[in-house]
1. For segment 563-587, which residues satisfy the criterion of being among the acidic types (Asp, Glu), part of a loop (DSSP other than H, G, I, E, B) and at pLDDT 75 or above?
2. Take Ala454 and decide whether it is in the same structural domain as Arg392 (by TED's automatic domain parsing), in a helix (DSSP H, G or I) and either in contact with a Pro (Cβ under 6 Å, 6 or more places away or on another chain) or not aromatic (Phe, Trp, Tyr) (or both).
3. If you check Val330, Val341, which single one turns out to be surrounded by fewer than 17 Cβ atoms within 10 Å (Cβ to Cβ) and of a type in the set (Val, Ile, Thr)?
4. Look at segment 87-117 and say how many of its residues are exposed (fewer than 13 other Cβ atoms within 10 Å of the Cβ), free of Cβ contacts under 8 Å to residues at least 60 places away in the same chain and in a helix (DSSP H, G or I).
5. Which of the residues belonging to segment 365-380 are within 7 Å of the ligand (Cβ to nearest atom), surrounded by 21 or more Cβ atoms within 10 Å (Cβ to Cβ) and among the polar types (S, T, N, Q)?
6. Within segment 345-352, can one find any residue that is of a type outside the set (Asp, Glu) and surrounded by 18 or more Cβ atoms within 10 Å (Cβ to Cβ)?
7. Quick one: how many residues across segment 9-38 are aromatic (Phe, Trp, Tyr) and surrounded by fewer than 19 Cβ atoms within 10 Å (Cβ to Cβ)?
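The values are calculated or read from the model by the stated rules, or taken from the named source; none is laboratory data. None of the values given here were measured: they were computed from a predicted structure. A quick note on method: Cβ atoms are made from the backbone with ideal geometry, for glycine too, and the neighbour counts reach across all protein chains shown.
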Amino acid sequence: MFKRFLSYYRPQLHLFIGDTACALVLAAIDLSFPIILRTLAGGLFSEGSAAILDALGMIALGLIVLYLVRTACRYFVSAQGHIMGARMESQMRQDLFDQYERMSFSYFDRHNSAEMMSRVVNDLFDICEGAHHLPEWLIICTIEIVGAFVILFTIAPILAGVMAGITLVFVAIMVHQNYRMRTVYAENRVRIAEVNSQLQDSLAGMRVVKSFANEEVERAKFGHSNERYLASKVDMYHVMGRYQATSALMTGSLYAAIIILGGYLIAHNQISAVDLATFALYISLFATPIETLVNSTELFQKAIAGFRRMDEVLRHAPDIADAPGAPDLVLERGEITYRDVCFSYETRERTDTGEERPVIDHLNLTIRAGETLALVGPSGGGKSTTCALLPRFYDVDAGTIEIDGQDVRDVTQESLRKAIGLVQQDVYLFDGTIRENIAYGRPRASDSEIEQAARRANIHTFIETLPEGYNTVVGERGSRLSGGQKQRVAIARVFLKDPSILILDEATSALDNESEAAVQEALAELARGRTTIVIAHRLSTIRSADVIATVEQGRVVEQGTHDELMARDGTYARYYRMQFEGDRAAAWAC
Ligand code: ADP
């Protein structure tokens, strides 16, 4: 893990070296000022004052040069140090995003998107703050603290010893307080996350809130989270106040010690007044670095924890990967064969007796090229899972799925997924224009190709009625379009992709009759000439399918044409008759 972390410094090595060198120079200059002043003052008060006064011009010039160098170093450390951190953060963000893009569906089943977002935003910020501040702080603060004490010990060992003792006691107290501060900060972060998620949930579900007239309930829930956040902030500021007061008390005690003990030592001629002033100058020099060092332990822990979480993601090998040297899928006719397929999700279901129940259980199916297979059966029977296995969203546990005789696991995922078009019930549109959403099927498509796809998907006429036509922004998840319109944009997207194989999950109840007719028509047009698997809920689709397969508990319990299945008088026939009897069938088919 440490090696991987260091690898992010490598491209920024020049900045890192510059940053470190400037930090060193900064610390050395800061450390030298009290000494320069001491020498000057010592000279002025002694017999050599005339010589000092003569050289004052040169000394002033030297000091100006030192200040200029210090200013330049401060600029480099502040600006370039942060730039180095930002570049590392940008690289990590890209790596994390690329890794998420590589992950298979099973990963997204186990992790929620808020958690993944937090990694990309919060963790990376912490990691990169640590990456550039910690080395710089460590150098500057250590040199200033150790250097100051070494100098003080050479001037007046007794006074320096007492000061070191006082400092150690306060550092111990501050470390303890800092630990408490961390717990309070952690609590604070949990509380703000609660407030944010409450807010997000409430805003996203605003239609539900209003339709149930539950604004008061939501207000109370939000108010509760908000109060808890406030309480944790009040707690945080108390702890922070105590910490800063302790730091101030440390500085105060050090000054008191040099005034009392220093006064005593001056009275006994053991140190000079100039020495005492030098001590006072060094107190202000090392008090801040001590506070910074104590605080840096928190940043260090946050950065390490953040990087560990990020490393976990980066090290996670995607469950589904191309076999080395895998060829592209060669589509000849587009025939699909499921041979004795078994599959369970990683979050496996268990029966009442605790046994594992496979979601797909020795399933066999053949869909001839250009034909349509309708999957029907009870909800939870395994229809969607059967479809998800074809583009390798998940890999089968046993058996094989072949397209034109090629096992889907032996060809590249890219060629496989390019060959398959998917229209789901729950359409996802990106927050862009209608044109961009349709062009998602083929980013380099021309305007006329996009329009042609929209025409075939029965959505062109509607788009033309919009004031901004194809440039209309669809809103988050396509919220500015109706269910049927979203479906048809999604169908246009697949028209443009022009795949040989189609998987359709028919929308069930979300559409009104008119939209439904338009969507059905578009789907029928899309399916023409392509090998199609459709999770069918509509009788019209089911009847026109070449083959109908009833799937129950992950098995194909019967298959054939509508007439064959009716003649068999099995499950399908029962279902079909039920549809005529009333809506009870919906419960069976959806
Ligand atoms: P259908 O499409 O026939 O309604 P599904 O294929 O969606 O059935 O589901 C089959 C079974 O698999 C159900 O019991 C469902 O709860 C389970 N299931 C579906 N998707 C997942 C998933 N991503 N993770 C775990 N279990 C799942």
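1. Selection gives Asp569 alone.
2. Values: in the same structural domain as Arg392 (by TED's automatic domain parsing): yes; in a helix (DSSP H, G or I): yes; either in contact with a Pro (Cβ under 6 Å, 6 or more places away or on another chain) or not aromatic (Phe, Trp, Tyr) (or both): yes.
Judged against the criteria, Ala454 is a match.
3. Val330
4. Summing the residues that are exposed (fewer than 13 other Cβ atoms within 10 Å of the Cβ), free of Cβ contacts under 8 Å to residues at least 60 places away in the same chain and in a helix (DSSP H, G or I) in segment 87-117 gives 8.
5. Once the filter is applied, which keeps residues that are within 7 Å of the ligand (Cβ to nearest atom), surrounded by 21 or more Cβ atoms within 10 Å (Cβ to Cβ) and among the polar types (S, T, N, Q), segment 365-380 yields nothing.
6. No.
7. The number of residues fulfilling the criteria is 2.
Here's the yes/no breakdown for (1) in a helix (DSSP H, G or I); (2) more than 21 Å from Ile463 (Cβ to Cβ); (3) modelled with pLDDT of 80 or more; (4) of a type in the set (S, T, N, Q):
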| site | (1), (2), (3), (4) |
| --- | --- |
| Gln485 | yes, no, yes, yes |
| Leu496 | yes, no, yes, no |
| Ile503 | no, yes, yes, no |
| Thr508 | no, yes, no, yes |
| Leu523 | yes, no, yes, no |
| Val534 | no, yes, yes, no |
| Ser540 | yes, yes, no, yes |
